[in-house]
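J.: Once you've had a glance at the structure underneath, I'll fire off some questions.
Throughout, read-outs are computed from the coordinates displayed, never taken from laboratory work. A quick note: this is a predicted structure, and the numbers were derived from the prediction, not measured. Because the Cβ atoms are built from the backbone with ideal geometry, glycine has one as well, and the counts that use them run over all protein chains shown.
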Amino acid sequence: MRRTAGLSFYHRKKKINTGILKEILIWAVEILLTVAVTVIVVSLFGFRISVVGSSMSPTLANGETILVNRFVYHLFDPKPNDLVVFRPNGNENSHYYIKRVVAVPGDTVQIKEGEIYVNGAHIQEEAAASAVENALSAEEEIMLGEDEYFVIGDNSSNSEDSRYASIGNVKKEYIVGEAWMVAYPWKNLRFIK
């Protein structure tokens, strides 16, 4: 007679749910690939910097961290109203400057009575906080060379920019990229235009 109840010394093998294991493995691989692609894209095409000072107020505030697209100007040239990131005169010991492009190669620039004129036509800065109080070097008409850009801060009364001899016209080779996104503080997270 065969016994059906009682003690048994045989171990039952636990069944592993291969469906769940497979799904967990797929998720882990997808997360690792996403992180790897993000790190590669950011390291090859961009970097982050902190805004120093209030020269770009109200567009950018002191202490904000922004992401810079350093790839875009390998394909295209900066255009008016772009926010460019550069080191003045290519000085590696200087902090990065962020300014708005007002005029591009071949243009003429002059500041008269607080207003900016490009190629003789009055322009309205997209995000200007106020009239340009000091024309400085732009009091007389300036002709830009084939690789030069005239840049100015949105808060021009508190901006060291192309009007100053220490900055002057910015050569394309000194432009490292375009400011495109505020990344920190989180409450200010936004794309920059």
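J.: Do you know the relative contact order of the chain, to the nearest whole percent, from alpha carbon pairs under 8 angstrom that are 6+ apart?
T.: Once normalised by length, the contact order is 23 percent.
J.: How far is helix 18-45 tilted, in degrees, relative to the longest principal axis of the Cα atoms in the chain, given as a value from 0 to 90 rounded to the nearest 10?
T.: Long axis of 18-45 versus the principal axis of the chain: about 20 degrees.
J.: Under the Karplus relation 6.51 cos²θ - 1.76 cosθ + 1.60, θ = phi - 60°, what is the ordered set of whole-Hz ³J(HN,Hα) values for region 53-62, x standing for Gly and Pro?
T.: With the stated coefficients, region 53-62 comes to x, 10, 5, 10, 5, x, 5, 10, 9, 4 Hz.
J.: Candidates (1) 1.00; (2) 1.42; (3) 0.95; which is the computed Rg/Rh (Cα atoms, Kirkwood Rh)?
T.: Correct label, based on the coordinates given: (2).
J.: Say R0 is 25 Å: what FRET efficiency, to the nearest 0.05, do residue 40 and residue 76 get from their beta-carbon distance?
T.: 0.70
J.: Additional query: With each run of n ≥ 4 DSSP H residues scored as -39500 (n - 2.57), what mean residue ellipticity at 222 nm is computed for the chain after dividing by its residue count and rounding to the nearest 500 deg cm²/dmol? If you can, show how the numbers build up before the last one.
T.: Details: 2 runs with 32 residues, N = 193.
Computed ellipticity for the chain at 222 nm equals -5500 deg cm²/dmol.
J.: Amide H to amide H, which residues 5 or more places from residue 183 or on other chains are under 5 Å from it, using H placed in the peptide plane?
T.: 65, 66, 67
J.: Tally Lys/Arg at +1 and Asp/Glu at -1 over every other residue whose Cβ is under 10 Å from the Cβ of residue 135; what's the total?
T.: Net local charge, residue 135 excluded: -3.
J.: Using θ = phi - 60° and the Karplus relation 6.51 cos²θ - 1.76 cosθ + 1.60, list the HN-Hα couplings for region 95-103 in order, rounded to whole Hz, with x at every Gly or Pro.
T.: 6, 6, 9, 10, 9, 9, 6, 9, 9
J.: Suppose the chain between residue 165 and residue 87 were pulled fully straight at 0.36 nm per residue; how much longer would it get relative to their current alpha carbon spacing?
T.: Extra length available between residue 165 and residue 87 comes to 26.7 nm.
J.: Computed FRET efficiency, Cβ-Cβ of residue 191 and residue 16, R0 41 Å: what is it to the nearest 0.05?
T.: It comes to 0.30.
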